[in-house]
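Here's the structure, in structure tokens; my notes come after.
The values are calculated or read from the model by the stated rules, or taken from the named source; none is laboratory data. What you are looking at is a predicted structure, and each value in this text was computed from that prediction instead of being measured. All Cβ positions, even for glycine, are placed from backbone atoms using ideal geometry, and neighbour counts span all protein chains on display.
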Amino acid sequence: MLVQAVVDVTSGSHPLSGTIASLVWLLPVLPLAGFVINGLLSLNSARLGPADPNTPDHHPHSEGATEAPLISHSEEAGAVGDDHHAVKRHRWATVTSIVGPGVLILSFGLALAIWQAMVGVNMEAPFIQRYFSWMPVGDLKIDAAIQLDQLSMVMILVITGVGALIHIFSVGYMQDDPGYPRYFSYLNLFIFFMLVLVLGANYPVLFVGWEGVGLCSYLLIGFWFNDKANADAGKKAFIVNRIGDFGFLVAMFMLFANIGVLDFIGVNAKAVELGAGSGLVTAICLFMFLGCTGKSAQIPLYIWLPDAMAGPTPVSALIHAATMVTAGVYLIARSAALFSMSPVASLTVAVVGALTAIFAATIGLKQWDIKKVLAYSTISQLGYMFVGVGVGAYVSGMFHLVTHAFFKALLFLGSGSVIHAMHRAYHSTHNNDDAQDMRNMGGLRKYLPITWILMWIATLAISGIPPFAGFFSKDEILGQVFARAQGSTLSTATWLGIPGSTLLFAIYAIGLAAALLTAIYMTRMMLYTFHGPNRTGGAEESHLHEAPWVMTGPLVVLGILTVFGGWLNLPKVITDIIPLGPSEVMTRWLEPVVGHATAQVSGGAAEIPAANEQILMGVAVLIAVAGIVFAIARLKPATLVRKRDAAPEEGFERVVANKYYVDEGVERVVITPTYAISKNFLWRFIDNGLIDGVLVNGSAAVARGFGYIGSRLQTGNVGIYAWVLVVGVVALLGAFTMR
Amino acid sequence: MLAESLALTAALFTIGVIGVLIHRNAIIIFMCVELMLTAVNLTFVAFSRFYGTAGQVFVVFVMTVSAAEAAVGLAIIIAIFRHRETVNLKDINLLRG
């Protein structure tokens, strides 16, 4: 703001300068303002210690009388599932309801206007605004700068658009929460950091956003920190992400050490200096990918995401499904110039993505918590995105990112609507069963008809049934894998001794298998939640009802996006047959950013024939349909019993239901040894022995020893002093005369 | 001439040093210290006979300082004697570490 004059000078020549795009700084600043306002409102009413009964807020006759029974009421309901409706509405709830979603809607409007401006001009180079020099240290010159290009525009529209819908949904979902302004301040802060992440013009600025969203994720997972499990889940997410961030930092250091630049334009220009296929560029890419596995929950660092479901459901929708966890995909697409030069690193990304996709999908088959199903589904779909960017189909990965943001946000918000209804019902009957367990649901179609229809749309979309969004994006990824397997820099490379071509066909097969499992577990979730007999209990049934419009409205909008999201990038083979609209819109839109890298990976290989592509599509659809039919035929919701009556699973089912005991394995292999080493070696020997014993107490003992020796010289006998003095003088005189 | 003078003063000084080293009585040690100062004064005088009068100026200074030192030193010795009824240095070791 203060540096606008500088900005206009530095970006004077770009076609976007002078248009509304020069207001791009306002995009993140709006949510930041929301964070400040909501945060102040939250602090304003925060109780920093025991409440004073004499304050005007707590008249024993007026509010106290109504508050007391409410508190006992909430305690009886206890920690029922997801949300803890406690006392009265927050004092500033109305202001927050306007400010919180309001800044997002303004941001989204501005994003649309900037997008319109971008559509109007022909821009090859990104639009960069430099605000000030952030880290001028020797050769290292890092500016606080914003970069607006086609790739960041896609992310901005998703973040502000889906973000605004989720903010509106939260108004209904969180309205009775005592921490209402705090919730919205965190959510606004998250959007701010997410926009910094996608708008940063260099890796360090991106990293600021990267860490910031991690912080907000931590704050929101542990939003109900009164429950230790929630606070622990937040810490787990934070610590696991640190491991990934270490990799990202190392990648940045290596980039700077070898090519001396960290801004995206400079890296893209100088990437060739690293040498295509060299070990150096592979190492940089792999370290960067380590960061992605943390943030985007891929093997081996995915373990935090299922636990992150401890946060409020809209948070799961926004942060742990639609936006933050896709940051890794964005990072790889942003670094396409680097990844396209390293077939080994790219294949690693694709392999890890494929393994994650199938691994998480199998776990999703046996989860009972509705949000856990969606969490593993998210991990699995993120795996698909990494397969896409891994095989150099950066557009396909981004396309799936966008459609996934639509349908997964819809699924999560739909599950939020279900949990909201379940929780309200249990709340009013003082039942403290698990409001998120599908075994306690069943037959909700009757009570939540809008949610039911919309969630089925999203389920069909994620399963890959045309014409819903997920079909186009998932099919495009699988098609690209198939095409790359037949001819590209990847298919000629080898990965751990395996020929790239074989590997890519295997990834394709795994992708199809994961698609089958996706269709099965999503249908299972829908059947158990919405179909069959109702298992909530007789008294609760009368309390089940659809959520208010402030919640179903965003669901409907997301439903429309889920249906038509595929139009963003219709494949040519379909538009040639059925004139649905312009094809490959997104491919052309992202061409200036990732086109070069994509061409480098594909090596200019011929596209696979249209007939083959149609066959591939047919196979994918058949598999999705097979999965849904199989699930409907095999699963009998009528035979389910409520959670407290259910018998534990047996055999392999139990292994899957317990997530392959990965958490227990990590506990045993990593956490327990770390504790043991810390306690028995680091604490006992290094800290107590070396630091405390040798260094601290040891230096004191040495000083005391010298002091003791010195004190023995002081006998107090003047005669001896005189002798010493004379002997010293004679010795000195002797030394001088002998010389 | 100078050699004889220096031999005399050296002898005087050595007697003073030995006196300081072997005696236990504070008064005698004090007198030996005075003897050493006198030996130094004699040296100055002897040198001034050959190399100018600066040595005689020093003698005046040394005598002034030794007078002050004698006053302070004797006062301390008297104070110690009043307190401990002895001037034997073997019995006075308050500075023992």
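Note on segment A:481-581: enclosed helices (runs of 4 or more DSSP H) holding 1 or more residues that are at pLDDT below 85 and within 30 Å of A:M441 (Cβ to Cβ) are A:538-541.
Going by what's in this entry, would A:I457 be described as surrounded by 24 or more Cβ atoms within 10 Å (Cβ to Cβ), assigned to a helix (DSSP H, G or I), within 29 Å of the chain's Cα centre (by Cα) and among the hydrophobic types (A, V, I, L, M, F, W, C)? Steps first, please.
Details: surrounded by 24 or more Cβ atoms within 10 Å (Cβ to Cβ): no; assigned to a helix (DSSP H, G or I): yes; within 29 Å of the chain's Cα centre (by Cα): yes; among the hydrophobic types (A, V, I, L, M, F, W, C): yes.
Here the answer is no, as A:I457 does not meet what is asked.
With the structure loaded, tell me whether A:D687 is within 30 Å of A:D232 (Cα to Cα), among the acidic types (D, E) and modelled with pLDDT of 85 or more or whether it fails that test. Taking the combined requirement at face value, the residue satisfies it.
For A:S380, are the conditions met, namely being touching a residue at least 12 places away in the same chain (Cβ under 8 Å), surrounded by fewer than 24 Cβ atoms within 10 Å (Cβ to Cβ) and polar (S, T, N, Q)? Criteria not met by A:S380. Across segment A:91-105, not a single residue is classified as at pLDDT 85 or above, in contact with a Lys or Arg (Cβ under 8 Å, 6 or more places away or on another chain) and under 25 Å from A:F193 (Cα atoms). Apart from one condition, A:V329 fits all of (1) over 20 Å from A:M155 (Cβ atoms); (2) in contact with a Gly (Cβ under 8 Å, 6 or more places away or on another chain); the exception is (1).
Listed here are the helices (runs of 4 or more DSSP H) enclosed by segment A:643-735 that have at least 3 residues being among the small types (G, A, S) and within 14 Å of chain B (Cβ to nearest Cβ): A:698-713. Filtering segment A:104-125 to residues that are surrounded by fewer than 21 Cβ atoms within 10 Å (Cβ to Cβ) and not hydrophobic (A, V, I, L, M, F, W, C) leaves A:G109, A:Q116, A:G120, A:N122, A:E124. Considering every residue within segment A:606-626, establish whether at least one is out of contact with any Ser or Thr (no Cβ under 9 Å at 6 or more places or on another chain), surrounded by fewer than 11 Cβ atoms within 10 Å (Cβ to Cβ) and either β-branched (V, I, T) or in contact (Cβ under 8 Å) with a residue 24 or more places away in the chain (or both). Yes; the residues of segment A:606-626 include at least one that is out of contact with any Ser or Thr (no Cβ under 9 Å at 6 or more places or on another chain), surrounded by fewer than 11 Cβ atoms within 10 Å (Cβ to Cβ) and either β-branched (V, I, T) or in contact (Cβ under 8 Å) with a residue 24 or more places away in the chain (or both).
Candidates are the residues of segment B:51-97 that are within 14 Å of another protein chain (Cβ to nearest Cβ) and surrounded by 13 or more Cβ atoms within 10 Å (Cβ to Cβ); the one that is modelled with the lowest pLDDT is B:N93. Of the residues examined, A:G705 is one that is out of contact with any Asp or Glu (no Cβ under 8 Å at 6 or more places or on another chain), within 30 Å of B:R96 (Cα to Cα), outside the structural domain of A:M522 (by TED's automatic domain parsing) and of a type in the set (G, A, S).
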